[in-house]
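The values are calculated or read from the model by the stated rules, or taken from the named source; none is laboratory data. Just so you know, these numbers come straight off a predicted model, no measurement behind them. Cβ placement follows ideal geometry from the backbone for every residue including glycine, while neighbour counts extend to all protein chains displayed.
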Amino acid sequence: MTNPRARVGISLAEAETPSLLVDIDALDRNVARMARFAADHDVKLRPHAKTHRSPIIARRQIAAGAVGVCCQTVGEAEVMAQGGVGDILISNEIWGANKLARVAALARQAKVAICADDARNVADLDRAANDFGVRIDVLVDINVVGDVRTGVHPGEPAVRLAERVAESKWLSFAGLQAYAGKAQHVRDPDERAAAVRTAHEAVAKTRQLLGTAGLDCPWITGSGTGTYMLDGATDLYTELQAGSYVFMDLDYRRNLEADGKFYNDFEQALFVYSTVMSRPSESAAVLDAGLKSFSFDSGPPALDGVPEARWLGGGDEHLRLEVPGRPFPHALGAKVKLVPGHCDPTVNLYDCYLAVRDDRIEAIWPVAARGASS
């Protein structure tokens, strides 16, 4: 891929800004660590591709042991399949005849499963599968911690929906999706563990009732970067859906460990590269990466290696930072790394990654599923 910001082989210092950087070595260590955890705990790993939106990174995860990927949209799933990923779970509810036809068409190209939490949606999906002559695995999505998000109630409502799936001509009931999204960013470790226990109780109850109804439940998928260690240690989940671990971000760093320290299971591998473009005072600087360079839903970015730097505001292409009580540590014209608050939507603002090793651009990876929101 050609890009005016950089060329393969040049030093990082020569790259234009703002740019999205990925530290290849840190990324690969994160991928290996999560894969090792899954193998050690006899659980499958299906990372979320919505984090990186890149078949190149997905294939690195699969090469390390992942069984496939999760996607949130049909568009993401199509990009992953086109990029050589052969096993895809659409971990979301998909509505609309055209989108369901795309799901069924995709099932001719790759192994595709999907989630459902409504009987009407199941019927629509069955018709689409019939039109394309494909069988599709369906997971009943259960709401395990009371989020205001997708999922049928655990227990009997989930069993009734599973029976509807099992009765369908072209669909197969494959198991449960039990994603405790609300638990991922609970800061206090005891409160996070309590939320996870609530989810586990809901999963165990639903699995038991499915067995009583004569329905096998071989696949239970869920978990995330904030709870993988708790979910993987049980005999409930057969698969982990963690995604952000490949990059990390400030939001996940704010989770606390049992020892009171910030969450540090994985390395920071994703950065926005930026230039100091103005020095309005000795302690402050203006950088060229503003609101168009980051998602701010989890707060502003941080200056890598300078935790005391404070965000003062900014604009579309400006970010103002200050280090209280001492001079700003980077000179006018210096290039710096910034850590995003939330990695997933920040990635979606860029066309490509500058993949860096030893301060040199080793590759340029397209953000291939950028904007694939339908």
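Could you go through the stretch 146-158 and let me know if any residue there is basic (Lys, Arg) and modelled with pLDDT under 95. Working first, answer last.
Pass one, the stretch 146-158, residues basic (Lys, Arg): 149.
Restricting the remaining residues to those that are modelled with pLDDT under 95 gives 149.
For the stretch 146-158, residues basic (Lys, Arg) and modelled with pLDDT under 95: present.
Please go through the stretch 185-209 and pick out each residue that is surrounded by fewer than 22 Cβ atoms within 10 Å (Cβ to Cβ) and either under 18 Å from the mean Cα position of the chain (by Cα) or under 21 Å from residue 159 (Cβ atoms) (or both).
Residues satisfying the conditions are 185, 186, 198, 200, 201, 204, 205, 207, 208, 209.
Just one of 259, 288, 235 is acidic (Asp, Glu) and assigned by TED's automatic domain parsing to the domain that holds residue 139; which is it?
Of 259, 288, 235, the one residue that is acidic (Asp, Glu) and assigned by TED's automatic domain parsing to the domain that holds residue 139 is 235.
Is it the case that the stretch 272-290 has a residue that's among the small types (Gly, Ala, Ser), in a strand (DSSP E or B) and closer than 24 Å to residue 365 by Cβ?
Initial filter on the stretch 272-290 (among the small types (Gly, Ala, Ser)): 274, 278, 281, 283-285, 289-290.
Still in the running and in a strand (DSSP E or B): 274, 278, 281, 284-285.
Next, only the ones that are closer than 24 Å to residue 365 by Cβ stay: 274.
Scanning the stretch 272-290 turns up at least one residue that is among the small types (Gly, Ala, Ser), in a strand (DSSP E or B) and closer than 24 Å to residue 365 by Cβ.
Can you spot a residue in the stretch 162-180 that is in a helix (DSSP H, G or I), under 20 Å from the mean Cα position of the chain (by Cα) and closer than 20 Å to residue 117 by Cα? Show your work before the answer.
Within the stretch 162-180, the subset in a helix (DSSP H, G or I) is 162-167.
Among the residues that remain, those that are also under 20 Å from the mean Cα position of the chain (by Cα) are: none.
No: the stretch 162-180 contains no residue that is in a helix (DSSP H, G or I), under 20 Å from the mean Cα position of the chain (by Cα) and closer than 20 Å to residue 117 by Cα.
Just need a number here: residues in the stretch 330-374 that are under 17 Å from residue 250 (Cα atoms) and touching a Cys at 6+ places or on another chain (Cβ under 9 Å).
0
Going by the conditions given, is residue 56 buried (at least 19 other Cβ atoms within 10 Å of the Cβ), β-branched (Val, Ile, Thr) and in the same structural domain as residue 133 (by TED's automatic domain parsing)? Reasoning before the result, please.
Values: buried (at least 19 other Cβ atoms within 10 Å of the Cβ): no; β-branched (Val, Ile, Thr): yes; in the same structural domain as residue 133 (by TED's automatic domain parsing): yes.
Taking the combined requirement at face value, the residue does not satisfy it.
Taking the stretch 282-318, which residues are farther than 26 Å from residue 5 by Cα and in contact with an Asp or Glu (Cβ under 8 Å, 6 or more places away or on another chain)?
Scanning the stretch 282-318 gives 283, 284, 298, 299, 309, 310, 312.
What residue, of 275, 225, is in the same structural domain as residue 113 (by TED's automatic domain parsing), among the hydroxyl-bearing types (Ser, Thr, Tyr) and either closer than 19 Å to residue 53 by Cα or touching a residue at least 12 places away in the same chain (Cβ under 8 Å) (or both)? Outline the logic, then answer.
On the way: 275 fails: in the same structural domain as residue 113 (by TED's automatic domain parsing).
225 is the lone residue from the list that is in the same structural domain as residue 113 (by TED's automatic domain parsing), among the hydroxyl-bearing types (Ser, Thr, Tyr) and either closer than 19 Å to residue 53 by Cα or touching a residue at least 12 places away in the same chain (Cβ under 8 Å) (or both).
Which members of the stretch 230-247 meet the condition of being under 20 Å from residue 188 (Cβ atoms) and surrounded by fewer than 24 Cβ atoms within 10 Å (Cβ to Cβ)?
Selection gives 230, 233.
Kindly indicate which of 198, 212, 221 is of a type in the set (Val, Ile, Thr) and in contact with a Cys (Cβ under 9 Å, 6 or more places away or on another chain). Break it down into steps so the answer makes sense when it comes.
Values: 198 fails: in contact with a Cys (Cβ under 9 Å, 6 or more places away or on another chain); 212 fails: in contact with a Cys (Cβ under 9 Å, 6 or more places away or on another chain).
Unique residue meeting the criteria: 221.
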